[in-house]
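Report on the following structure.
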Amino acid sequence: MILSIESSCDDSAIAITEIATKKLVFHKKISQELEHSVYGGVVPELAARLHAEALPKILEECKPYFKDLKAVAVTSSPGLTVTLIEGVVMAKAISIALNIPIIGVNHLIGHIYSLFIEKETQFPLTVLLVSGGHTQVMEVKNLQEIKTVAKSMDDSFGESFDKAAKMMGLGYPGGPLIEKLAHDGDRKRHNFTIPLHQSPLIAFSYSGLKNSVRLAVEKANESEYKDIAASFEYIAVAHIVQKLKKYFKTVRPKTFAIVGGASANLYLRSQIEKLLNPYGAKLLLSELQYCSDNAAMIGRVGVEMYEKGLFSSLEELEVCPKSVI
Ligand code: KG4
Ligand code: ZN
């Protein structure tokens, strides 16, 4: 079995995955949403302190499995430096104490493998990752051949929902709150501009849309927020669909997947389904419980890396806050 740890942002999670069967034997996650919601976003130092409390508590429950562990996998990049360190230090301690190898896992690859928890992999794949930290399209041939073909030049998709929610005083994380509010709103009430709609670039940008939302919020009263939320969600998704359409002119996907916390957004899912229909492309989605950050996806990558012998050196494994894909 492999024990995996995730602490790249505001979720403390540990999983245990059986190597031969890919079965998820144990998974527990303690989220910090409540603690950060008063600030309208994640406070890194607070997150690190909460990980330091939560991770040992979860690990305690894993003790019966210690004798069966063949390796420990841990998210080492990208993420918040101070929170990644909590997981990596714990993984190093486990590696030394149990004398098992350590595997440093890239969190973005983890999101891709959230599609394959308790399943075999299916490649090649075109993947849209929409999370709090990233908005990017990747061509995935296999674990070691991943090419990013489009990414955000500024804010991410999920982050723009978080910031819009903060402006309206809704709380954190903003994605589900904005989605709920948008449900009864008028999508056409605010004529926000689709970002980069005149640019030939296949890239994403959310900072301009965020500023348009800010101006609309400043002029509106609370009863009008639902229309702002609906119009914002409509344009945020239209931006992704427009750029994917452009990309599909040269590369036609056979299998397309949406992963990351914001892949839970039902309007995004429905619009991408519509986009893929004429291509006859298959859409893969993670189970709802594995869209947001979790340790099961890190464990699934861990199994793949274990089988390929991709271990890290205990001395050289360091946290890296930036994306390396
Ligand atoms: O993958 P994730 O849990 O963490 C990162 O790796 O960043 O993604 C969290 C992000 C947050 O920005 C959250 O607001 C967004 O995903 N999110 C959503 C929805 N659910 C979560 N965004 C839009 N619609 C949703 N339903
Ligand atoms: Zn994530």
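Tell me which of PHE66, SER37, LEU196 sits at the most positive position along the dipole axis of the chain, charges placed on C-beta atoms (Lys, Arg +1; Asp, Glu -1). Among PHE66, SER37, LEU196, the one farthest towards the positive end of the dipole of the chain is LEU196. The stretch between THR81 and ARG252 holds 57.8 nm of extra length on full extension. This uses 0.36 nm per residue minus the Cα-Cα distance. Summing charges over all other residues whose Cβ lies under 14 Å from the Cβ of VAL303, with Lys and Arg as +1 and Asp and Glu as -1, gives 0. To the nearest ten degrees, helix 296-307 and the longest principal axis of the Cα atoms of the chain are 50 degrees apart.
In terms of other Cβ atoms within 10 Å, ASP162, ASP68, ASP293 run from fewest to most in the order ASP68, ASP162, ASP293. When all alpha carbon pairs of region 40-139 are counted in 5 Å bins from zero, the resulting P(r) reads 2, 10, 17, 19, 20, 15, 10, 5, 0 %.
Distance check, please: which entries in LYS254/LYS274; LYS210/LYS274; LYS141/LYS254; LYS147/LYS243 exceed 21 angstrom between their Cα atoms? Spell out each step's value before the answer.
Numbers: LYS254/LYS274 15 Å; LYS210/LYS274 26 Å; LYS141/LYS254 12 Å; LYS147/LYS243 17 Å.
In this structure, LYS210/LYS274 lie more than 21 Å apart at Cα.
Rounded to the nearest 10 degrees, the inclination of helix 44-62 to the longest alpha-carbon principal axis of the chain is 50 degrees.
Computed from phi, the 3J(HN,Hα) profile of region 287-295 under the Karplus parametrisation 6.51, -1.76, 1.60 (θ = phi - 60°) reads 4, 3, 5, 10, 6, 7, 4, 7, 9 Hz, with x in place of Gly and Pro. By DSSP, the beta bridges lying fully in region 1-133 are antiparallel in about 55 percent of cases. Multiplying the residue separation of GLU218 and ALA52 by 0.36 nm and removing their Cα-Cα distance gives an extension gain of 55.9 nm.
Set against the 2.2 N^0.38 Å expectation for a compact globular protein, region 110-253 has a Cα radius of gyration ratio of 1.13. Note on region 168-325: Cα-only Rg and Dmax are 19.0, 58 Å.
Taking 41 Å as R0, compute the FRET efficiency from the Cβ-Cβ separation of VAL89 and MET153 and round it to 0.05. The formula returns an efficiency of 0.75 here. Comparing HIS134, HIS51, HIS190 in a Gaussian network model of the chain (Cα springs below 10 Å), the most mobile by mean-square fluctuation is HIS190.
Loop-only trypsin sites (Lys or Arg not before Pro) in region 233-312, please: DSSP not H, G, I, E or B, and at most 10 other Cβ atoms within 10 Å. The partial results should precede the final answer.
On the way: sites: LYS243, LYS245, LYS246, LYS249, LYS254, ARG269, LYS274, LYS282, ARG300, LYS308; in loops: LYS249, LYS254, LYS308.
Taking region 233-312 and a limit of 10 other Cβ atoms within 10 Å, the loop trypsin sites (Lys or Arg not before Pro) found are LYS249.
Using a cutoff of 8 angstrom between alpha carbon atoms and counting only pairs six or more residues apart, the relative contact order for the chain works out to 25 percent. Any chance you could give the angle, 0 to 90 degrees and rounded to 10, that helix 81-98 forms with the longest Cα principal axis of the chain? Around 20 degrees separate the two axes.
When the C-alpha to C-alpha distance is required to be over 25 Å, the pairs from LYS119/LYS245; LYS163/LYS226; LYS28/LYS282 that qualify are LYS119/LYS245; LYS28/LYS282.
At q = 0.13 Å⁻¹ the log10 of I(q)/I(0) for the chain amounts to -0.94, computed by Debye summation with a single uniform scatterer per C-alpha, solvent ignored.
Taking trypsin sites (Lys or Arg not before Pro) across region 1-94, the ones in a DSSP loop with at most 15 further Cβ atoms lying within 10 angstrom of their Cβ are LYS23, LYS70.
If you put +1 on each Lys and Arg Cβ and -1 on each Asp and Glu Cβ, how big is the dipole of region 163-212 around its Cα centre, in Debye rounded to 20? List each step's numbers first, then the result.
Working: 7 positive and 3 negative charges, 18 e Å.
For this selection, approximately 80 debye.
Sparse packing (at most 12 other Cβ atoms within 10 Å of the Cβ) combined with a DSSP loop state is found for the following GluC sites (Glu not before Pro) in region 91-180: GLU120.
Calculated translational diffusion coefficient of region 206-259 (10 °C, 1.306 mPa s; Stokes-Einstein with Kirkwood radius over alpha-carbon pairs) equals 121 µm²/s.
Bear in mind these aren't lab numbers, they're just calculated from the coordinates by the rules spelled out. Predicted model, so just to flag it, every value in this text is computed and none were measured. Every residue, glycine among them, receives a Cβ derived from its backbone with ideal geometry; neighbour counts consider all protein chains shown.
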